[in-house]
């Protein structure tokens, strides 16, 4: 039993954090808002060079061949930096899905795209099939469009790969300027079948778990940055002749956020470890993680906004970049209530 | 975590994350499970449940249970063998606790001693004190109560006014004052607590940690009924109570340091391990399933609260294993213990509030012996969690100032 990262995992996360401090400061997040696709292809290439994009890609395809535990460590850092690149879609969802398909009818295509992802030459997003989407994600929209090169459409009919230029895209702008959502239609003739309806069912369940765990890892990172900003501000801002962080009302608000983060983080580790080891509790653990992380992040966002006061309510201050990402991810692929209900269902199923 | 000091030498930072138990830990779990399943007082075997430990007969029945566990080295598994333990590691201790509560083990009447004073005594006691007190603590022969709070000193513990002055012969002490809310005080054998030995010193200094038998001349114990109607705590009056030097724990004037070690155990994972809350959360899910059969609408209304409570207990389990990993890597648990206390007290309340919600208007009913038992008794007990061991408001201050680094004041 060891509920902690080993030295290699910590070192890699540390390197990624240094990278983010240099290559992805708040000004870069802000620049992504007004960029054409909501993220930087140049930084995407650098993420590949660092090995981040290939973390879950098998070594023979140019990746690092590690699992969900390492991925969770990196995603927490990505959340902390509010990295605008589609790490959730490509690293936490497309890569595991392509790995699942790498031995099926679409093996050649799946392997080709895995290699392109590790090389930083492809951005891949995952769009749920509308009929399946409402249960799994609550949304029928797909992210990272038109910026992605390929869309994996997953649903009860199977998993297909569609080049994004073959998709009909109706763009929908979101509150977080880096999130480019779209309604997608495509001609089945342009799609490559990666998994048929039979193989797809298992993949779909795992996809929902990966999305829950991955978004939870990002949310823990986002929460810790939101808390850090609030602590910093509360130590600087003075009113009534004292730092506002010396007031108990402020202290208790931020302590509660700290507690939520400290409880969510090990839950994310456990979910990632369960996923990496195909554990029997993987789905339940992913839902526990997402339920805790989503509430940690929304609590961190509102506490941080309140502690910042009016300056935090402006678009000039960086706070909103983290806050808006948190709100979006908290409900993306299932909100806290959805995941709590999933946990209860699985607990009941176990006793039957 | 002093109870695991002997395991600190093993630095595990190079081993990967792994939530499985080792084969040795699994066999430890199996051994604990089989012993507990065969020995825990139970209605099926006609040996339980034990009466409330806050009644004279219940106290003695719980003491006998401690003795039974001690005989087979299950009462203090993490302690060294020389004091009656098994020298088990931190993870094994957490596993034992999961099994204990899962088997429906009774409340630990000796908990003030074995979980709070014991670790402090291993860190600060003399060898003579350890040999004198620890085995008797582990066997239940001597049950300890706490002597922290006073009428004017609760959360602000450093403002205590009970005093100890040098006695005759030299080295002895004479205690005067009043301690209150002393858990288990009504029936316990000994008390540990802080007394002011240097009234002129700054308030955190000049305090000394004393060990006092409750049958010493000059002591008067007045039991106090708690919310459940039973005398779970007491006021203890000290009137010229003579205490020898051998009953000072740690150095004279350094009692605060010893007390904080005890408080760290109380807030952190040694008093309230996750196993207790996980077992309660599992029973909550079972209750939910029963209610869903006879009153589906009520169950539906309570479903989110049930899931939330179970998740809180599970989160505390996982966070505790993360803390254990840090400890085994050589870290010490400092102010983070306050986060643990907020977590377990919150989880306990969430579980019991959800159960009370599921029970609806039948929740108010007392048990067959006329006392609040089952979920109602558990709910009343859970309400104390945010108050004892330092109120949760104090814990939030500790987290804010010493974990987050917010300014004091």
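Pairs are defined by a Cβ separation below 8 Å, a sequence spacing of at least 6 or placement on different chains, a first member in segment B:4-25 that is away from chain A (no Cβ under 12 Å), and a second member that is at pLDDT 75 or above and assigned to a loop (DSSP other than H, G, I, E, B); the pairs so defined are B:4/B:78; B:4/B:89; B:6/B:80; B:6/B:87; B:7/B:89; B:8/B:330. When you scan segment B:352-374, do you find a residue that is without any contact (Cβ under 8 Å) to a residue 12 or more places away in the chain, closer than 26 Å to residue B:49 by Cβ and within 13 Å of another protein chain (Cβ to nearest Cβ), even just one? Checked segment B:352-374: no residue is without any contact (Cβ under 8 Å) to a residue 12 or more places away in the chain, closer than 26 Å to residue B:49 by Cβ and within 13 Å of another protein chain (Cβ to nearest Cβ).
Condition check ((1) over 19 Å from residue A:266 (Cα atoms); (2) within 18 Å of the chain's Cα centre (by Cα); (3) not in a strand (DSSP E or B)) across all residues:
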residue	(1), (2), (3)
B:279	yes, yes, yes
B:288	yes, no, yes
B:297	yes, no, yes
B:320	no, yes, yes
B:332	no, no, yes
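Evaluating residue B:328 against the criteria (1) facing another protein chain (nearest Cβ under 10 Å); (2) under 30 Å from residue A:229 (Cα atoms); (3) crowded, with 17+ Cβ neighbours inside 10 Å leaves one unmet condition, (2).
Inspection of segment B:396-404 identifies at least one residue that is over 30 Å from residue B:117 (Cβ atoms) and facing chain A (nearest Cβ under 10 Å). From the set of residues in segment A:225-247 that are loosely packed, with under 14 Cβ neighbours inside 10 Å and over 30 Å from residue A:29 (Cβ atoms), which is nearest to the other protein chains (Cβ to nearest Cβ)? Filtering first and then ranking leaves A:242. Considering only residues in segment B:365-382 that are assigned to a helix (DSSP H, G or I) and touching a helix residue (DSSP H, G or I) at 6+ places or on another chain (Cβ under 7 Å), the one that is surrounded by the fewest Cβ atoms within 10 Å (Cβ to Cβ) turns out to be B:378. The residues of segment A:261-280 that are free of Cβ contacts under 8 Å to residues at least 60 places away in the same chain and more than 9 Å from every other protein chain (Cβ to nearest Cβ), listed by number, are A:261, A:278, A:280.
Between A:77, A:37, A:52, which is buried (at least 22 other Cβ atoms within 10 Å of the Cβ) and outside any helix (DSSP H, G or I)?
A:52 is the lone residue from the list that is buried (at least 22 other Cβ atoms within 10 Å of the Cβ) and outside any helix (DSSP H, G or I).
Here's the yes/no breakdown for (1) on the phi < 0 side of the Ramachandran plot; (2) free of Cβ contacts under 8 Å to residues at least 12 places away in the same chain; (3) not in a helix (DSSP H, G or I):
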site	(1), (2), (3)
A:194	yes, no, yes
A:228	yes, yes, no
A:251	yes, yes, no
A:258	yes, no, no
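Hey, any hits in segment A:196-213 for a residue that's out of contact with any helix residue (DSSP H, G or I) (no Cβ under 6 Å at 6 or more places or on another chain) and either crowded, with 24+ Cβ neighbours inside 10 Å or within 13 Å of chain B (Cβ to nearest Cβ) (or both)? Yes, segment A:196-213 has at least one match.
If the condition is being part of a helix (DSSP H, G or I) and away from chain A (no Cβ under 14 Å), then segment B:28-44 contributes B:30, B:31, B:32, B:33, B:34, B:35, B:36, B:37, B:38, B:39. Scanning segment B:343-378 for residues that are over 17 Å from the mean Cα position of the chain (by Cα) and closer than 17 Å to residue B:274 by Cα turns up B:350, B:351, B:352.
The values are calculated or read from the model by the stated rules, or taken from the named source; none is laboratory data. Remember, it's a predicted structure, so these values are computed and weren't measured experimentally. Don't worry about glycine lacking a Cβ; one is built from the backbone with ideal geometry, like all the others, and counts go over all protein chains shown.
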